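Worksheet: the structure to be examined is printed underneath.
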Number of protein chains: 4
Amino acid sequence: MRIKIFATGGTIDKVYFDQKSTYQVGESRVAEILRVANIGFEYEFESILKKDSLDMTGEDRQLILDKVKGDSHELVIVTHGTDSMDLTARELQAIENKVIVLTGAMQPAKFISSDAEFNIGFAVAAVQTLPYGVYLAMNGRIFRPGKVRKNPDLQRFESL
Amino acid sequence: MRIKIFATGGTIDKVYFDQKSTYQVGESRVAEILRVANIGFEYEFESILKKDSLDMTGEDRQLILDKVKGDSHELVIVTHGTDSMDLTARELQAIENKVIVLTGAMQPAKFISSDAEFNIGFAVAAVQTLPYGVYLAMNGRIFRPGKVRKNPDLQRFESL
Amino acid sequence: MRIKIFATGGTIDKVYFDQKSTYQVGESRVAEILRVANIGFEYEFESILKKDSLDMTGEDRQLILDKVKGDSHELVIVTHGTDSMDLTARELQAIENKVIVLTGAMQPAKFISSDAEFNIGFAVAAVQTLPYGVYLAMNGRIFRPGKVRKNPDLQRFESL
Amino acid sequence: MRIKIFATGGTIDKVYFDQKSTYQVGESRVAEILRVANIGFEYEFESILKKDSLDMTGEDRQLILDKVKGDSHELVIVTHGTDSMDLTARELQAIENKVIVLTGAMQPAKFISSDAEFNIGFAVAAVQTLPYGVYLAMNGRIFRPGKVRKNPDLQRFESL
């Protein structure tokens, strides 16, 4: 089994730069999470974007679509900001013959308490058990594109 | 979707007691991991045993079998020590019409770097996507009972 | 020995709010750090402000000065943002017959890797060993007001 | 300012080896703690022993004494298991013209919640502010050799 993982930014990879007192997307933490999980499968990792998903443009989504479409792996995980994850998911539905799972985090992976490790583990299981298609994997549930919304009060994805 | 989670002990729940300089099974960390993941499904949790899996007896396995069999949930996760996880998995194959996923950890969930969060996330996805049957979910892979061994040097489960 | 701890905000207590994609001062983490350290002295904690120290006004500093001056404890720790910690320290020099130690953090206490625990431990030792006066305790060193600058490139306090 | 740090083992550096289900002293975590604290002083680190302090012999204590005595630094921190820290401290009183601070931890530094970072920060402040002599720095307090006991129920050092 081989999995391709694309990072596009979002909270999961956010870091804190004190000198600017701002919060930016840093290097992806996914490789570190997989190292700690001591995973027994092969994967390829590629960073496409480092963007807060609120800042993603149509061009950015086209780039993600092109990258995933042009990749030879059947099993694909895309880490993504949560605010526009569903927009990207809907566009990725144009791709056939792949299992594509989008995931992210509500709390940065650098935090002591983050949903990042759980979500990456969840996505890794989902991508190898689900049939071809595009899925959002958040909060321990699997959603279909266009059938999900982010509840900002509960900080949780819900079915529409 | 409702999931039942049984804790039986193992490294995932190990804590350190300084006064005895020993290392024992403590309270299960699963509820805390699910809280941080802010999960959007319901679950029931039950602690059956608090044992290192090397110390598990035939009686212990019978108890686990009885508990899982007698439970009304279709989707069941069992957290378990890694050394005899496969022994228990083989016995649980006597149960029909359930998806049963066993998981655990190589490093205690209380450690800064632990595979516990990843593995629980992985198991939660596996239990809701796999067909009826018994599975071991470790190191980002899904194994069938009797078809797996723990490689103590790599600290990783492998296919037989 | 009794210590009074005032929290005024700063990076040490910053949290991340996903829905706004911003980073704000939250509840102080100091009590949690002292709980984990299982400290053997008594202390009183009071939150005065929850501000990034770049946003502190003259009025804010007057409030801190009044609070510390009006407090009955001899030993006082003030957690503070790093960018204007020295400004506040210089004003606190108007107070006599107290040991006042200002500290903070370059990385939020909620991060897996943060200097917060080290710095709080450092400040707790400094406040009980130093003579009356005002001190800044950062990066494992003790500085006097007006004799220190924050090096933004090294993310470290240095002697002037 | 230069500080010499000797590691001798103890809970602070304990790690967990799953294959043996035991708990052993590993590499010292002190350098990592100082790196995260981004300290602004120079230090030298030396690992003398990797022992649970209950297992320390008279010979081990002689070795520690010789090492500290033979070292050229005035400021010395010794990380040590808590159970016999005071025994070693009493022997180190034979050394003149140095500030020697012993510290350790009740919970391994590898744990999410450990007193290790706080205690190292505390010791670093203590060693640079206290007069010549030998001190135990635990639970946010400074103790003199022979005037302290470890309360195993509270997991805390107390004055005799």
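The values are calculated or read from the model by the stated rules, or taken from the named source; none is laboratory data. Keep in mind it's a predicted model, so treat the numbers as computed, not measured. Reconstructed Cβ throughout: ideal geometry from the backbone, glycine too, with neighbour counts over all protein chains shown. SASA here: full protein model, heavy atoms, side chains in, ligands and nucleic acids out. Shrake-Rupley method; radii C 1.70, N 1.55, O 1.52, S 1.80 Å.
For segment D:140-160, residues that are part of a loop (DSSP other than H, G, I, E, B), small (Gly, Ala, Ser) and within 12 Å of chain C (Cβ to nearest Cβ) total 1. If I ask for residues that are modelled with pLDDT under 95 and not charged (D, E, K, R), which ones from segment B:106-134 would you list? Residues satisfying the conditions are B:Met106, B:Gln107, B:Pro108, B:Ala109, B:Phe111, B:Ile112, B:Ser113, B:Ser114. Scanning segment D:110-139 for residues being within 19 Å of D:Arg2 (Cβ to Cβ) and part of a loop (DSSP other than H, G, I, E, B) gives a total of 3. Does D:Arg144 qualify as being closer than 23 Å to D:Asp55 by Cβ, open to solvent by 20 Å² or more (accessible area, probe 1.4 Å) and of a type outside the set (Gly, Ala, Ser)? When the stated conditions are applied, D:Arg144 does not pass them. Residues in segment A:115-135 that are within 15 Å of A:Gln155 (Cα to Cα) and more than 7 Å from chain B (Cβ to nearest Cβ): 1 in all. If you go through segment D:77-106 and pick out every residue that is in a strand (DSSP E or B), under 18 Å from D:Asp13 (Cβ atoms) and among the aliphatic types (A, V, I, L, M), you end up with 4. The set of residues in segment C:75-106 being more than 9 Å from every other protein chain (Cβ to nearest Cβ), open to solvent by 10 Å² or more (accessible area, probe 1.4 Å) and touching a strand residue (DSSP E or B) at 6+ places or on another chain (Cβ under 7 Å) consists of C:Leu75, C:Asp86, C:Gln93, C:Lys98. Checking the condition free of Cβ contacts under 8 Å to residues at least 60 places away in the same chain, under 30 Å from B:Ser113 (Cβ atoms), touching a Gly at 6+ places or on another chain (Cβ under 9 Å) and of a type in the set (A, V, I, L, M, F, W, C), which residue from C:Leu54, C:Leu49, C:Leu160, C:Leu154 passes? It is C:Leu154.
Restricting attention to segment A:57-87 and to residues that are without any contact (Cβ under 8 Å) to a residue 60 or more places away in the chain and of a type in the set (Val, Ile, Thr), the residue that is nearest to A:Met138 (Cα to Cα) turns out to be A:Ile64. Among the residues of segment D:108-119, those that are in contact (Cβ under 8 Å) with a residue 12 or more places away in the chain, in contact with a Phe, Trp or Tyr (Cβ under 8 Å, 6 or more places away or on another chain) and more than 15 Å from D:Glu27 (Cα to Cα) comprise D:Glu117, D:Phe118.
Evaluated against (1) assigned to a loop (DSSP other than H, G, I, E, B); (2) under 13 Å from the mean Cα position of the chain (by Cα); (3) away from chain B (no Cβ under 14 Å), A:Ile64 falls short on exactly one condition, (1). Scanning segment C:133-155 for residues that are of a type in the set (Phe, Trp, Tyr) and out of contact with any strand residue (DSSP E or B) (no Cβ under 6 Å at 6 or more places or on another chain) yields no hits at all. Being among the aliphatic types (A, V, I, L, M), more than 19 Å from D:Glu42 (Cα to Cα) and surrounded by fewer than 24 Cβ atoms within 10 Å (Cβ to Cβ) is the filter here, so list the residues in segment D:107-130 that pass it. Once the filter is applied, which keeps residues that are among the aliphatic types (A, V, I, L, M), more than 19 Å from D:Glu42 (Cα to Cα) and surrounded by fewer than 24 Cβ atoms within 10 Å (Cβ to Cβ), segment D:107-130 yields only D:Ile112.
Residue-by-condition table, conditions (1) open to solvent by 20 Å² or more (accessible area, probe 1.4 Å); (2) assigned to a helix (DSSP H, G or I):
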| site | (1), (2) |
| --- | --- |
| B:Leu34 | no, yes |
| B:Phe45 | yes, no |
| B:Leu54 | yes, yes |
| B:Val68 | no, yes |
| B:His73 | no, no |
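Could you list, in sequence order, the residues of segment B:122-136 that are under 12 Å from the mean Cα position of the chain (by Cα) and not aliphatic (A, V, I, L, M)? Result: B:Phe122, B:Tyr135. For segment A:1-32: of the residues being part of a helix (DSSP H, G or I), hydrophobic (A, V, I, L, M, F, W, C) and open to solvent by less than 10 Å² (accessible area, probe 1.4 Å), which is modelled with the lowest pLDDT? The qualifying residue modelled with the lowest pLDDT is A:Ile12.
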